[in-house]
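As structure tokens, the structure follows; a few thoughts come after it.
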Amino acid sequence: MPDNLLTEQHVPLPGGGPRLALRRGGADPGRRPFLLVHGLASNARLWDGVAKALVVAGREVAAVDLRGHGRSDDAPEGHSTAGAAADLAELCGVLDWTGDREPIVAGQSWGGNVVLTLAARHGGVAAVACIDGGWIHFGNRFPDFESCWRQLAPPSFDGARWSQVRGWITRAHADWPTDVVEATLGNLLELPDGGVRNRLAREHHREILRSLWDDDPRAIYPLVDVPVLLMPAAAEAETERTAAVREALTLLPDAQISWYDGAHHDLHGQHPQRVADDLLALDARAGGDST
């Protein structure tokens, strides 16, 4: 696809909030736009393939870097699932994506929890897609948060060089498209001395992880009154992991499922056209025009 389908934009949130970076494309005021939300310590560029496919289909789209992620500004507070959902509610107001222009929102991994929280606590969305996330609750897996943090804390790159880390990631994902590898590298920042660090500050990563341990998404499932599409990177066969997906399917008032058998966690990067097609079908299910 052409490289010029998406443009960069920075949108300040009201009340002196941080500027959120967007990758935007397309324009059709007569149909609902799509808002794409990344996962924990990820960034909007992982959505490029999906976003471009939606633009080619004639739709308007914005992929957002949440606060402290990617090219967005950071802030001292607001690093939680609830805080990210509140940011998105404000962003939709700034973009005038309200009323007939309420967006289809899609979130990957932690982003799935964020967009479900947006729908449940703030409303203002037409439908929700959960890409290998939305059902995450680490309180079920770990007896206390410190156990969770010890296992899931982000890696430290102290002493590592950017060139080394780039090589590690490239070799580890040799089967990924080059642009997806480059987008993954966007989760990191090359320092002036050639070192590397995570873009998301470690203490803010911890705060978000804590919210995933504290907050049980099952409490908000009944409050989501719009169509939901669950898109797990898993086989349909019953496992402990897919049990949480099936529970979400049962508890959400209007949910369907699209299994991505054999996909990896970043399935929006691995299968962008299929994800875009599923999102267009979700829009049609919500009463929109999928053509």
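The values are calculated or read from the model by the stated rules, or taken from the named source; none is laboratory data. Because the structure is predicted, anything quoted here is derived from the model rather than measured. We place every Cβ from the backbone using ideal geometry, glycine too, and count neighbours over all the protein chains shown. Only protein heavy atoms, including side chains, enter the accessible area calculation; ligands, DNA and RNA are left aside. Shrake-Rupley method; radii C 1.70, N 1.55, O 1.52, S 1.80 Å.
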Those residues of region 91-117 which are assigned to a helix (DSSP H, G or I) and over 16 Å from residue 33 (Cβ atoms) amount to 110, 111, 112, 113, 114, 116, 117
| query | Is it true that some residue in region 37-52 is hydrophobic (A, V, I, L, M, F, W, C) and modelled with pLDDT under 95? | reply | no
Log entry, pairs with first residue in region 211-233 being closer than 21 Å to residue 138 by Cβ, second being of a type in the set (Gly, Ala, Ser) and modelled with pLDDT under 95, beta carbons closer than 7 Å, six or more apart or on different chains, reads 233/263
- Task: Considering every residue within region 54-66, establish whether at least one is buried (at least 22 other Cβ atoms within 10 Å of the Cβ), of a type in the set (Gly, Ala, Ser) and part of a strand (DSSP E or B).
- Result: yes
Of the listed residues (144, 100), the one being at pLDDT below 95 and either among the small types (Gly, Ala, Ser) or open to solvent by 30 Å² or more (accessible area, probe 1.4 Å) (or both) is 100
Restrict the check to region 240-250 and report whether at least one residue is closer than 28 Å to residue 51 by Cβ, touching a residue at least 40 places away in the same chain (Cβ under 8 Å) and either assigned to a strand (DSSP E or B) or in contact with a Leu (Cβ under 7 Å, 6 or more places away or on another chain) (or both). yes
Of the listed residues (214, 261), the one being surrounded by fewer than 17 Cβ atoms within 10 Å (Cβ to Cβ) and in contact with an Asp or Glu (Cβ under 9 Å, 6 or more places away or on another chain) is 261
Selection from region 1-51 of residues in a helix (DSSP H, G or I) and surrounded by fewer than 23 Cβ atoms within 10 Å (Cβ to Cβ) yields 3, 4, 5, 14, 15, 16, 49
